[in-house]
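Engineer: Sharing a structure below in structure tokens format, with a few things to ask.
None of the figures in this text is laboratory data; all of them are computed from the coordinates on show. Model, not experiment: these values are computed from the prediction. Heads up, the Cβs are rebuilt from the backbone with ideal geometry, glycines too, and the neighbour counts pull from every protein chain shown.
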Amino acid sequence: MGGVPAIPTTPLDAVAASRDLTVAEMFASMQGEGPSAGRPTVFLRLGGCNLTCAWCDSAYTWDGKRFDLRAELRRMTAAEVIAEVERLAGEHIRRLTITGGEPLLQGGRLVPVLRWARAQRFTIEVETNGTLTPPPDADSWIDEYRVSPKLAHAGIPDGRRLRLAALRRFVEMPAARAIFKVVVRYADDLAEVARLCAAAGIAPGRVWVMAEGIDAAGQIIGMRAMADAALAAGYNLSPRLHVLIWEDRRGV
């Protein structure tokens, strides 16, 4: 787009340098994880993140060392985003999933999109890492939060990846509005999930655990390894349908 500033290569600059939204990709697909799994949705994936998970499957939204963020990310006005959501949704899809990266970094800028989506009777779902509290002007338009606190295997110090005050803000919401989905690499990680739930006051029934990995075989192995322990702890077991169906393809 002519006249648009170049996108910086550092993630926080990328979301702070403009009032436009910083977008990585938009596409229509099925939600792959958590209580909305299998539901058709339009995905709005935003750029920039305040975490650097070692296994991140969307590092192209924030990692300027491995990816050319000037090519991966683009500036879009709210009007441009709305037009693309409308095109992708067609007549049948009425769910909008806003993800990242960390979408709450751009929370206030989303308000025009959120207001339009609510007027068009979309259910608005936001995926967040749980380190930030929702901006009040955006929060009132969001129907559902999918909060994904990170475990130690993400390779990030505890003080950066876990913000108990922010997590408790989501815990205070009704269970129908905010759930917690946690990526598990090994079955033994469920003990860490239990400690996290105790520290933040998260009821087991609000937790969806899911296996880390980018191929279908790894997903099956991971779910089988944790199923019995998840059942005993009272957690929900989530597939990652997009991985089972499309493995590590982007834009699906």
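Engineer: Which of the peptides 175-182, 119-126 is most tightly packed, and how do the rest follow, judged by the mean count of other Cβ atoms within 10 Å per residue? Display every interim value, and only then the final one.
Structural biologist: Details: 175-182: 18.8, 119-126: 16.8.
Highest-to-lowest ranking by the protection proxy: 175-182, 119-126.
Engineer: Considering amide H positions built from the backbone, and no H for Pro or chain starts, which residues 5 or more places from Tyr145, or on another chain, come under 5 Å of its amide H?
Structural biologist: Hits under the 5 Å cutoff: Val126, Ala178, Ile179.
Engineer: Once you keep just the Cα pairs under 8 angstrom separated by 6 or more residues, what percentage relative contact order results for the chain?
Structural biologist: This gives 18 percent for the chain.
Engineer: Report the net charge of residues surrounding Glu72, where surrounding means a beta-carbon distance below 11 angstrom and charges are Lys +1, Arg +1, Asp -1, Glu -1.
Structural biologist: On the way: positive: Arg45, Arg66, Arg70, Arg74, Arg250; negative: Glu25, Asp63, Asp68.
Once positives and negatives cancel, what remains is +2.
Engineer: Got a sec? How would His242, His92 order by Cβ neighbour count within 10 Å, fewest to most?
Structural biologist: Final ranking by Cβ density, sparse to dense: His92, His242.
Engineer: If you wrap a convex hull around the Cα atoms of the range 197-241, how much volume per residue is inside, in Å³?
Structural biologist: Working: hull volume 3.3 nm³, N = 45.
About 73 Å³ per residue, rounded to a whole number.
Engineer: Another one. List Ser140, Ser29 from most exposed to least, where exposure is judged by having the fewest other Cβ atoms within 10 Å.
Structural biologist: Ordered from fewest to most neighbouring Cβ atoms within 10 Å, Ser140, Ser29 come out as Ser140, Ser29.
Engineer: Picking from Asp158, Asp143, Asp57, which is most flexible by a Gaussian network model of the chain using Cα springs under 10 Å?
Structural biologist: Asp158
Engineer: Could you calculate, for the range 175-252, the ratio of the Cα radius of gyration to the Kirkwood radius, expressed as Rg to Rh?
Structural biologist: My calculation puts Rg/Rh at 0.99.
Engineer: Would you work out the charge dipole size for the chain about its Cα centre, treating the Cβ of every Lys and Arg as +1 and the Cβ of every Asp and Glu as -1, and quote it to the nearest 20 debye?
Structural biologist: 380
Engineer: Hey, in the chain, which Cys have no second cysteine's beta-carbon closer than 4.7 Å?
Structural biologist: Cys49, Cys197
Engineer: Over the Cα atoms of the chain, compute the convex hull volume and normalise it per residue, giving Å³.
Structural biologist: About 118 Å³ per residue, rounded to a whole number.
Engineer: Within 10 Å, count the other beta carbons around each residue, average over each peptide in 41-47, 132-138, and list them highest first.
Structural biologist: 41-47, 132-138
Engineer: Then there is this: In deg cm²/dmol, rounded to 500, what helix-only [θ] at 222 nm does the chain give when every DSSP H run of at least 4 residues adds -39500 (n - 2.57) and the total is split over its residues?
Structural biologist: The helix-only estimate for the chain comes to -9000 deg cm²/dmol at 222 nm.
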